[in-house]
Amino acid sequence: MDLRQLAALVAVADEGSFSAAARSLNTVQSNVSTHIARLERELGAVLVDRAGGMLTEEGEVVVERARRIQRELESLRTDVASLLHQVSGQVRLGCIGTVSRWLVPRLLVLVKERHPDVDAVIVDATTTSLVPQLLSETLDLAVLNLPLAEPELLTEQLFDEERVLVVPGDHPLAERQRIDFAELAQHELLLEPQGTPFRDELDRAAAAVGVTLQAQAEVDGIRLLSTLAFEGFGPAVLPATAAPPWIDATCRRVGVDGLLPRSVGLARNQRGRLSAPARAVQDVIRDIVRDADQSGIRRAFAEGA
């Protein structure tokens, strides 16, 4: 089996045809056809449906493995380069929006200072969007909500974060300093959909005190949920860092008793070894969280650890 054969098949999968694959590989179509035909003979299976240029079921399996091989080869190159010279290469990091707001600016500065040859690509998305990308290994790391129900992912807790209620200035709860969590069931709330970690924890807390939360609207994404709350569409339970002090001009922050904080962590696919650039970014994230001056968060590790 030749790496060029695997590269040709991946290119066909990505580009959708033999001719487009040839252009992406800077070669001619006959070379792509030859590489794939030899791979099919070795495996004893048809990998590409020539009529439509689509992968067969067997082809999908081979491409998945081929992508992993390509990622491991790139990690091999960057690991050796980091031992001989300095850490270099690309890292794809996913981050939930409410954390990326304060973490990513510091991350980009510190990575550039410590590892100028590392290229950090940031994917800003929800936890539900980031998990499949970790499973498919299109992301190296992701900062997201915990816990995760995915045995293929390794996680480490970074910090816990208080949850607060953000209400429009004209809402009946706007004059309250604190509210018991069970009282929230009396009001319609902006909520994430069921099945998301943040919403599921709220529902478990509600069930524990014998109430059910009422959804005014369901939005998958804390950052968009925050924006809607800030603009007066309704009250929302948010992580503390998603409700900065400047919102007080239009909204009120109300403390919630009887509600556990949310947990934020760092996750990666347990298959394989993190590349040297990914390990470098991982260390930078830990340092940022350790030194972060963010109201409402409690770090998962001791100072100086």
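Structure notes:
Condition check ((1) loosely packed, with under 15 Cβ neighbours inside 10 Å; (2) over 27 Å from Asp2 (Cα atoms)) across all residues:
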| position | (1), (2) |
| --- | --- |
| Leu76 | yes, no |
| Gly94 | no, yes |
| Thr126 | no, yes |
| Pro132 | yes, yes |
| Leu139 | no, no |
| Val143 | no, yes |
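- Those residues of segment 18-53 which are within 35 Å of the chain's Cα centre (by Cα) and touching a residue at least 24 places away in the same chain (Cβ under 8 Å), in sequence order: Phe18, Val32, Ile36, Leu39, Leu47, Val48, Gly53
- Flag for Thr241 being touching a Ser or Thr at 6+ places or on another chain (Cβ under 7 Å), of a type in the set (Val, Ile, Thr) and under 24 Å from Leu154 (Cα atoms): no
This table checks each residue for (1) over 18 Å from the mean Cα position of the chain (by Cα); (2) of a type outside the set (A, V, I, L, M); (3) surrounded by 18 or more Cβ atoms within 10 Å (Cβ to Cβ).
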position: Ser226; (1), (2), (3): yes, yes, yes
position: Pro244; (1), (2), (3): yes, yes, no
position: Val254; (1), (2), (3): yes, no, yes
position: Arg262; (1), (2), (3): no, yes, yes
position: Arg273; (1), (2), (3): yes, yes, no
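- The listed residues are Leu189, Leu225, and the only one of them that is within 23 Å of Ile297 (Cβ to Cβ), modelled with pLDDT of 95 or more and not charged (D, E, K, R) turns out to be Leu189.
- Scanning segment 267-284 for residues that are touching a Ser or Thr at 6+ places or on another chain (Cβ under 7 Å) and under 28 Å from Ala242 (Cβ atoms) yields a single hit, Ala267.
- Test result for Arg268, under 30 Å from Gly89 (Cα atoms), in the same structural domain as Thr128 (by TED's automatic domain parsing) and in a strand (DSSP E or B): yes
- The number of residues in segment 228-242 that are surrounded by fewer than 18 Cβ atoms within 10 Å (Cβ to Cβ) and either among the basic types (Lys, Arg) or farther than 17 Å from Thr98 by Cβ (or both) comes to 2.
- Candidate set: segment 34-53, residues that are small (Gly, Ala, Ser) and at pLDDT 90 or above; chosen: the one surrounded by the fewest Cβ atoms within 10 Å (Cβ to Cβ): Gly44
- Residues of segment 5-30 satisfying the condition of being crowded, with 19+ Cβ neighbours inside 10 Å and more than 17 Å from Gln70 (Cα to Cα): Phe18, Ala22
- Subset of segment 4-17 [under 31 Å from the mean Cα position of the chain (by Cα) and either among the β-branched types (Val, Ile, Thr) or under 12 Å from Leu39 (Cα atoms) (or both)]: Leu6, Ala7, Ala8, Leu9, Val10, Val12
- For Val104: the one exception among (1) touching a residue at least 12 places away in the same chain (Cβ under 8 Å); (2) more than 30 Å from Pro277 (Cα to Cα): (2)
- Residue satisfying all of: in segment 204-223; part of a helix (DSSP H, G or I) and either touching a helix residue (DSSP H, G or I) at 6+ places or on another chain (Cβ under 6 Å) or in contact (Cβ under 8 Å) with a residue 40 or more places away in the chain (or both); surrounded by the most Cβ atoms within 10 Å (Cβ to Cβ) among these: Ile222
The values are calculated or read from the model by the stated rules, or taken from the named source; none is laboratory data. As the structure is a computational prediction, the values presented were derived from the model and not from experiment. Virtual Cβ from ideal backbone geometry, glycine too; neighbours counted across all protein chains shown.
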